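Student: My structure is below; once you've seen it, I'll send some questions.
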Amino acid sequence: MLDRNIAAEVLQRAVATGGDFAEIFMEDRLNHNLSLRSGRLQSVRTGRVHGAGIRVLDGLGAIYVYTNDTSREGLMDCAAQAAAAVKGKAGCKPVAFSHWDCGRPEEIRLQPADVKAALKAEKLRAADAAARSVSPEIVQVNGEYTDSTQDVLICNTEGLFVQDRRVRTRLSVGAVASDGRENQVGSENPGALMGFELFDERVDPEAYAAQAAQTAVTMLHAESCPAGVFPVVIDNGFGGVIFHEACGHSLEATSVAYGLSEFAGKLGQQIAAPCVTAVDDGTIPGEWGSLHIDDEGMPTTKLVLIRDGILVNYMIDKLGGRRMNMAPTGSGRRESYAWAPTSRMRNTYIAAGQDDENEMIATMGTGLYAKRMGGGSVNPATGEFNFAVNEGYWVEDGKIVRPVRGASLIGKGGEVLMKIDRVGRNMQMAQGMCGSASGSIPVNVGQPMIRVSSLTVGGK
Amino acid sequence: MDGFIKKLLGAAKLAGIETAEVCYMDSDSFGVSAKDGEINEYEVSATRSLGLRGLVNGKMGYASTEAFDDAAIDMMVNAVLESAALNESEEQDEIFAGEETYPAVETPAADPEQATAEEKIAFVLEMEKAALQVDERIRQSQGASVQTSRGTLRIVNSMGLDLRREQPLGGAAFAFVGLLGQEGSSVVTGYEVKAAHRFSDLDAKALGEAAAEETLSKLNGSPVRPGVYRVIFRNDAMQSLLATFSGIFSAENAQQKLSLLEGREGETIASEAVTLMDDPLLPGGFASTPFDAEGSAARRKAVIEDGKLVTLLHNRKTAKKQGTATTGNAARQGVGGPIRVAPTNFFFKPGEKDLATLINEMDDGLLLTELGGLHAGANPISGDFSLIAKGYLIANGQRVRPVEQITVAGNFYQLLKGIRAVGSDLEFRGQGIGSPSVDVGSMNVSGAEQ
């Protein structure tokens, strides 16, 4: 992608007048997107993302300059602009590049760029038909197919020069159920760090589509969720969004390094109930949030965040590590060349525990069983989080009595982690896009079924 | 870029693409951020992107690129051919030759002199310092930043259209300062954000002090017990809600059963207090434009007038399907996406009463200033929302205390009908969608017992 001599010259220029570290992140990405609505392909899009970002670190200060012009002149101009921001000091001396191979844990059997769009469209048609066959109340199905082949080159003044290819494929199905007066929706969004073989090995479009449609129909006939403070059982899979929001973001160096996290300074302390062990793992082959190397060129890792309730690790990028005097954890990520990297999650989950799923509900009394979760958000400085329940059931005296709609869950991370009183045995993950300081990136969330002894439930 | 566009349209024609259109955007931006009295982030960018859409046998194909080499031309032409061959859209797509004339839009005057990086650095340091000096309960800065950008949008097609404008008209400058406040065990965050066309119109000291005031006012908040409360959404909270549900006014969504407003033109869908405007000609608006993404002339219109739905927002395709004229609301997702529908400067027409009067007339209830989790807890297809909220408890027309850790739930379609009054304090905050504060009547609120 980039000649080594030019790369060396650009880095030299970037630190010519100051800075103790410089890096080039160059990217060339091909995206395909197919959209099906009303049973018809509405659009097929191909897009090429291309550009480079040059970062110069000067102690705890970061300068980032990016452009689409990746010619020698374009990159030299970026380097000069970055250098201008640290003028007047002596810069570091770049180390000669040593080649480094990041390895390829998985093989892409069917490169999406080589698969005809017509074959991709078949997956959407299958999903559409399966969703509509669930009920005549399904009035619309939104199908989106996306794949992305991202080639990156990362090199820096510490001698790193590494290239990587990330291939991701995803199917999204949204079903709308309506009785003419009200609409309700259900959606499923499976994806992986894989090529088109995703559909042979992991994802049956019809099964996911039928599930999305079933959720929409169930919610159309559901009553509003009661409001108040109740025990809540959260199912596995996307239920893991509770940990992602209530705790995960607050363990990223992005907030911890500045003391802007409720968990800053708490390494070695108990921050969760003893039944909670949580992991952020970028190494799982083929998972949506997995990487070979992070976006700073460091090998990805498996990181235990919380062990038996005790905080043992933060997720740290290079700059955050400088501020915290701690080593980076292979957690530096960014949406594209247009974002400076920062610490982010990969595949983050609560590990499987010992508790019986049926007992969890049978002994909860009156409360909410949140079967399918939507997204959420958090304010790491205060720990205040919120997330949506896409499919919920009301529980009375330990028995599921009816579906409920429109529920949301809120709380403060530190309080909620201590209130987890059951952790089930069957851990599953699900796919999401996580938006934060360095853009929108693919992550997995996951957990077994868990119970929180009390949580504020929003509803009517 | 002229050369590349010419070459691309030439190659498209040779390949059998009957009519083709290029959408091109470029942008230069500068941003700087301070934390704890030091500059911690400094960002400069120059970006360009180009999309191609083209008709083959009456069907539209799409492609886009950020690389401008010969490979990009081949890739895009082939992608458009493949894309068009698969397109099954029932409606006839078109590429428009353009209007005879376009309306004039008053463009804000630029700064006589461009501010230097040093001036912007001094600005963020001053803004942060001003905020931290207000009160010792302001414990820490979450960052003070300023960002300026200027860009160009250009649409060129083989029917002879060639339109160009600044994006946004007049340029944009944003300032943000976020703070952490603490008193005893109460920890809160607060911020102030301000947008202007000219950097010189931003006031560092005033912004820093406003952020500090907002933060301090939230200290020692607590929930309220679950129940039905009278609620006023402050202008910033109402803006975020309107932005989340703006898609229900799209004719495309209505035609595809993704909005419940299909065929409801002429019906009363909101209270009499509600007039909802879409005004692309608004002087100084951040979404102001003389033309839309298809090259149709932009025009001002009421979407809801005194509670009655006057029109949905249309592009040429949705208008044709419904036998009406486009409202000039065609929009692309990025440069390479299909033509969809989107509002421009979109806002509730302000009423006579200021926020203090609205609060006074409500007597008892909640003033909600912040809504969270809108991307997940609000569903534009059903209209349902159940959102984390913050604000103040109001009793006897006075602010009693800050409120946090509550949710507010409702349905946007029903909310429109229950609006009692629209305030006079219309704000846009650098976006196209804006709102005054709105008294929405009664809402369901959840929280822990105190």
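The values are calculated or read from the model by the stated rules, or taken from the named source; none is laboratory data. Values in this document were obtained by computation on a predicted structure and should not be read as measured data. In this analysis, Cβ positions are derived from the backbone assuming ideal geometry, glycine residues included, and neighbour counts consider all displayed protein chains. Side chains are part of the model used for accessible areas, which takes the heavy atoms of the whole protein and leaves out ligands, DNA and RNA. Shrake-Rupley method; radii C 1.70, N 1.55, O 1.52, S 1.80 Å.
Student: Specify the residue that is least open to solvent (accessible area, probe 1.4 Å); the eligible residues are those in region B:90-110 that are closer than 30 Å to A:GLY39 by Cα, in contact (Cβ under 8 Å) with a residue 24 or more places away in the chain and touching a Ser or Thr at 6+ places or on another chain (Cβ under 9 Å).
Tutor: Residue satisfying both the conditions and the ranking: B:ILE95.
Student: Looking at the structure I just gave you, is B:VAL80 facing chain A (nearest Cβ under 9 Å) and either surrounded by fewer than 18 Cβ atoms within 10 Å (Cβ to Cβ) or touching a helix residue (DSSP H, G or I) at 6+ places or on another chain (Cβ under 9 Å) (or both)?
Tutor: In short, yes.
Student: Checking the structure you have, find out if any residue of region A:23-30 is touching a helix residue (DSSP H, G or I) at 6+ places or on another chain (Cβ under 9 Å), open to solvent by 20 Å² or more (accessible area, probe 1.4 Å), charged (D, E, K, R) and not assigned by TED's automatic domain parsing to the domain that holds A:ARG132.
Tutor: No, region A:23-30 has no match at all.
Student: Can you spot a residue in region B:65-75 that is within 25 Å of A:PRO112 (Cβ to Cβ), facing another protein chain (nearest Cβ under 8 Å) and buried (at least 23 other Cβ atoms within 10 Å of the Cβ)?
Tutor: Yes, region B:65-75 contains a residue that is within 25 Å of A:PRO112 (Cβ to Cβ), facing another protein chain (nearest Cβ under 8 Å) and buried (at least 23 other Cβ atoms within 10 Å of the Cβ).
Student: Residue check, A:MET360 against (1) buried (at least 24 other Cβ atoms within 10 Å of the Cβ); (2) modelled with pLDDT of 95 or more, all met but one. Which one?
Tutor: Single failed check for A:MET360: (1).
Student: Looking at region A:68-78, which of its residues are within 11 Å of chain B (Cβ to nearest Cβ) and of a type outside the set (Ser, Thr, Tyr)?
Tutor: Selection gives A:ASN68, A:ASP69, A:GLY74, A:ASP77, A:CYS78.
Student: Out of the residues in region A:126-143 that are out of contact with any Leu (no Cβ under 7 Å at 6 or more places or on another chain) and not small (Gly, Ala, Ser), state the one that is nearest to the other protein chains (Cβ to nearest Cβ).
Tutor: A:VAL139
Student: Hey, could you check region A:371-389 for residues that are surrounded by fewer than 24 Cβ atoms within 10 Å (Cβ to Cβ) and more than 7 Å from chain B (Cβ to nearest Cβ) and say which is farthest from A:ASP235 (Cα to Cα)?
Tutor: Applying the filter and picking the extreme gives A:GLY383.
Student: Here is a follow-up. For the condition farther than 24 Å from A:ALA62 by Cα and of a type in the set (Val, Ile, Thr), what is the one hit in B:THR116, B:THR107? Give the steps one after another, and end with the answer.
Tutor: On the way: B:THR116 fails: farther than 24 Å from A:ALA62 by Cα.
Of the residues listed, the single one that is farther than 24 Å from A:ALA62 by Cα and of a type in the set (Val, Ile, Thr) is B:THR107.
Student: If you take the residues in region A:322-340 that are within 13 Å of chain B (Cβ to nearest Cβ) and touching a Leu at 6+ places or on another chain (Cβ under 8 Å), which one is farthest from A:PRO285 (Cα to Cα)?
Tutor: Among residues in region A:322-340 that are within 13 Å of chain B (Cβ to nearest Cβ) and touching a Leu at 6+ places or on another chain (Cβ under 8 Å), the one farthest from A:PRO285 (Cα to Cα) is A:ARG323.
Student: Right, here's the next one. Within region A:112-157, take every residue that is among the hydroxyl-bearing types (Ser, Thr, Tyr) and farther than 17 Å from A:LEU171 by Cβ and give me the one that is most open to solvent (accessible area, probe 1.4 Å). Working first, answer last.
Tutor: Of all residues in region A:112-157, those among the hydroxyl-bearing types (Ser, Thr, Tyr) come to A:133, A:135, A:145-146, A:148-149, A:157.
Within this subset, residues satisfying the condition of being farther than 17 Å from A:LEU171 by Cβ are A:133, A:135, A:157.
Working: A:SER133: 92, A:SER135: 16, A:THR157: 6 Å².
Taking the candidates together, the pick is A:SER133.
Student: Every residue in region B:369-407 that is part of a loop (DSSP other than H, G, I, E, B) and more than 10 Å from every other protein chain (Cβ to nearest Cβ), please. Don't jump to the end; show me each part of the working.
Tutor: Our first condition is that a residue be part of a loop (DSSP other than H, G, I, E, B); within region B:369-407, this holds for B:373, B:379-383, B:396-397.
Selection gives B:ASN396, B:GLY397.
Student: Then there's this: Pick from region B:168-186 the residues that are closer than 17 Å to B:ALA211 by Cα and open to solvent by 40 Å² or more (accessible area, probe 1.4 Å): which of them is nearest to the chain's Cα centre (by Cα)?
Tutor: B:PHE174
Student: Do any helices (runs of 4 or more DSSP H) lying entirely in region B:187-273 carry at least 2 residues that are in contact (Cβ under 8 Å) with a residue 60 or more places away in the chain and over 22 Å from B:ALA331 (Cα atoms), and which ones are they?
Tutor: B:204-217, B:235-245
Student: Given the criterion outside any loop (DSSP other than H, G, I, E, B) and among the polar types (S, T, N, Q), identify the matching residue among B:SER89, B:SER45.
Tutor: Answer to the check: B:SER45.
To keep it simple, each residue is scored yes or no on (1) part of a strand (DSSP E or B); (2) more than 7 Å from every other protein chain (Cβ to nearest Cβ).
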site	(1), (2)
A:THR17	no, yes
A:ILE24	yes, yes
A:GLU27	yes, yes
A:LEU36	yes, yes
A:GLN42	yes, no
A:ALA62	yes, no
A:TYR66	yes, no
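Student: So which of A:GLY330, A:GLY268 ends up being part of a loop (DSSP other than H, G, I, E, B), more than 27 Å from A:SER98 (Cα to Cα) and not hydroxyl-bearing (Ser, Thr, Tyr)? Before you say what the answer is, go through the steps one by one.
Tutor: Numbers: A:GLY330 fails: more than 27 Å from A:SER98 (Cα to Cα).
Residue meeting the stated conditions: A:GLY268.
Student: If we scan region A:420-427, do we find a residue that is more than 22 Å from A:ARG307 (Cβ to Cβ), in contact (Cβ under 8 Å) with a residue 60 or more places away in the chain and part of a strand (DSSP E or B)?
Tutor: No; the residues of region A:420-427 include none that is more than 22 Å from A:ARG307 (Cβ to Cβ), in contact (Cβ under 8 Å) with a residue 60 or more places away in the chain and part of a strand (DSSP E or B).
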